[in-house]
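Here's the structure, in structure tokens; my notes come after.
The values are calculated or read from the model by the stated rules, or taken from the named source; none is laboratory data. Please read these numbers as outputs of a predicted model, since none were measured by experiment. A quick note on method: Cβ atoms are made from the backbone with ideal geometry, for glycine too, and the neighbour counts reach across all protein chains shown. The accessibility values were calculated without ligands, DNA or RNA, using every heavy atom of the protein model including side chains. Shrake-Rupley method; radii C 1.70, N 1.55, O 1.52, S 1.80 Å.
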Amino acid sequence: MDTQASKERKFTRTMEKWIMYFMYTLFGGLFLLISLTGSFSEGLFLLPVAVVSISLSRWGIRWQNERYIRSAQNQDDIDIIKERLAAIEERINKLEDR
């Protein structure tokens, strides 16, 4: 059974991979361009920017993804509770009819 949480987990992992691939490609391309021009002083400036940007982006994406997954898990739990309440209501109605 595909729950909402498992679907959300799969989607958020895929999005996290693609966003991080883009970040690595972006900063890798910038470092390549800097190395081709031969002026490495810009690379010394870009290196801490890249480290901070990539690590903060990764942390932020994971934190947000965990929120999405918890929300989807809550939706799954609410659906389970609705089913149980419907079953209890049906049993109560049968007992009242007796």
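For the pair Ser71 and Tyr24, a Förster radius of 35 Å applied to the C-beta separation gives a FRET efficiency near 0.80, rounded to the nearest 0.05. Listed values for the stretch 25-37 are Karplus-derived 3J(HN,Hα) couplings in whole Hz (6.51 cos²θ - 1.76 cosθ + 1.60, θ = phi - 60°), namely 5, 4, 6, x, x, 5, 5, 5, 4, 5, 5, 6, 7, and x replaces Gly and Pro.
Among the listed values [x] 17.1, 67; [y] 18.3, 59; [z] 24.6, 90, the one matching Rg and Dmax of the Cα atoms in Å as calculated from this structure is [z]. Counting only DSSP H runs of at least 4 residues, each contributing -39500 (n - 2.57), and dividing by the residue count of the chain, the helix-based mean residue ellipticity at 222 nm comes to -34500 deg cm²/dmol. Taking the longest Cα principal axis of the chain as reference, the axis of helix 41-97 is set at about 10 degrees. Take the Cα of Met15, go 7 Å toward its beta carbon, and the backbone nitrogen atoms of the stretch 60-84 under 15 Å from that spot belong to 60-73.
Tell me, what % of the accessible area of the chain is carbon and sulfur with a 1.4 angstrom probe?
That fraction is 63 percent.
Centroid-to-centroid, using Cα positions, the stretch 1-61 and the stretch 83-98 are 54 Å apart. Largest GNM mean-square fluctuation across Ser55, Ser41, Ser71, computed for the chain with C-alpha springs under 10 Å, falls on Ser41.
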